[in-house]
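I have placed the structure first, in the form of structure tokens, so that the comments after it can refer back to it.
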Amino acid sequence: MRDSYGREVKYLRVSVTDRCNLRCVYCMPEEGVPLLRHEDVLSFERITLVAEAAARLGFRKIRLTGGEPLARKGFPELVSMLAALPGIEKLAMTTNGTLLAPVAAELKARGLDSVNVSLDTLDPERYAALTRGGRLADAMAGVDAALAAGLPVKLNAVALEDALPGEHAALRAYAASVGADIQFIARYDLAEEKRDGGDYERPPKCGTCDRLRLLADGSLRPCLHGEVAVAVDWNDIEGSIREAVSLKPARGLTCTGLAVGQIGG
Ligand code: SF4
């Protein structure tokens, strides 16, 4: 479907949880964010209902995000439910990779098409500092397991101001050595006006924005850098999607009050 600027919106990003096992410094505050109550988190059935309606309206790609999607109990079951939907051509996931190794083969078997793994450094101490306690070895084991399972992997590397000398080149070399793609993401702050990616592949340019977001609380977000949220009307899901798409702005401004981890980037 097209928005009021003629952009074709065909990509649904679904934040399946606001929980995460890491605390990345550019994503959320050290103390974390106020978490949704369990009963306020969308069920797999309701996520699937929204995805199904989106597919009827011409959406063709779904990306599962979080928080950390693998932190959601029973996540592989959701992959099966979404992979079975007619019209969805690509089902992808963005993860920090630290919980991926044990389930990669199962996710592939259930219909996941590809994974993006967040990896900003190959230095274990720096990784632990950036993620406030994560283990680099776990993320790299996740990458290895996904590739071994036949899942295409793309590394998401945030281009941090304090990057170590040669860090980007080392990440590119690592990606090439394991057979993964890599993209660099300009660091952004939701509270600051959106700037397109500049020299980096991401964030995407607003002029060709093709995405809509479904959050774990059941709201649709026309824009990452925006305050607008449309609560899904469970009696008229297509109507809610149409409304959210019609509210997409020409370009992103600011989003206050939510951390990236609550929207799913
Ligand atoms: S800031 Fe908003 S309009 Fe721009 S690319 Fe992101 S979601 Fe699309």
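A compact table of results
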item: Residue among 216, 159 that alone is buried (at least 17 other Cβ atoms within 10 Å of the Cβ), more than 16 Å from the ligand (Cβ to nearest atom) and closer than 13 Å to residue 263 by Cβ; result: 216
item: Lone unmet requirement of (1) touching a residue at least 60 places away in the same chain (Cβ under 8 Å); (2) of a type outside the set (Val, Ile, Thr); (3) surrounded by 23 or more Cβ atoms within 10 Å (Cβ to Cβ); (4) within 20 Å of residue 149 (Cβ to Cβ) for residue 99; result: (3)
item: Set 228, 245, 232: member being in contact (Cβ under 8 Å) with a residue 40 or more places away in the chain and within 14 Å of the ligand (Cβ to nearest atom); result: 245
item: Restricting the range 225-240 to residues that are in contact with a helix residue (DSSP H, G or I) (Cβ under 6 Å, 6 or more places away or on another chain) and not in a strand (DSSP E or B), the residue that is most open to solvent (accessible area, probe 1.4 Å); result: 233
item: Test result for residue 175, among the small types (Gly, Ala, Ser), more than 19 Å from the chain's Cα centre (by Cα) and open to solvent by 30 Å² or more (accessible area, probe 1.4 Å); result: no
item: Residue list for the range 45-58, filter: within 28 Å of residue 35 (Cβ to Cβ) and either outside any helix (DSSP H, G or I) or not polar (S, T, N, Q) (or both); result: 45, 46, 47, 49, 50, 51, 52, 53, 54
item: Unique match (being part of a helix (DSSP H, G or I) and of a type outside the set (S, T, N, Q)) among 64, 82; result: 82
item: Whichever residue in the range 189-206 is open to solvent by 60 Å² or more (accessible area, probe 1.4 Å) and either within 11 Å of the ligand (Cβ to nearest atom) or in contact with a helix residue (DSSP H, G or I) (Cβ under 7 Å, 6 or more places away or on another chain) (or both) and, among such residues, is modelled with the highest pLDDT; result: 205
item: Residue count, the range 241-265 (criterion: open to solvent by 20 Å² or more (accessible area, probe 1.4 Å) and not hydrophobic (A, V, I, L, M, F, W, C)); result: 9
item: Residue satisfying condition, being in a loop (DSSP other than H, G, I, E, B) and among the charged types (D, E, K, R), within set 126, 132; result: 132
item: Every pair of residues 6+ apart whose Cβ atoms lie under 8 Å, when the first sits in the range 143-163 and is at positive phi while the second is not aliphatic (A, V, I, L, M); result: 150/108
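This table checks each residue for (1) of a type in the set (Asp, Glu); (2) in contact with a strand residue (DSSP E or B) (Cβ under 9 Å, 6 or more places away or on another chain); (3) open to solvent by 10 Å² or more (accessible area, probe 1.4 Å).
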{"site": "13", "(1), (2), (3)": "no, yes, yes"}
{"site": "49", "(1), (2), (3)": "no, no, yes"}
{"site": "52", "(1), (2), (3)": "yes, no, yes"}
{"site": "70", "(1), (2), (3)": "no, yes, yes"}
{"site": "85", "(1), (2), (3)": "no, yes, yes"}
{"site": "107", "(1), (2), (3)": "no, yes, no"}
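The values are calculated or read from the model by the stated rules, or taken from the named source; none is laboratory data. Model, not experiment: these values are computed from the prediction. So basically every Cβ, Gly included, is an ideal-geometry build from the backbone, and we count neighbours across all protein chains shown. Note: areas computed on protein heavy atoms with side chains; ligands, DNA, RNA excluded. Shrake-Rupley method; radii C 1.70, N 1.55, O 1.52, S 1.80 Å.
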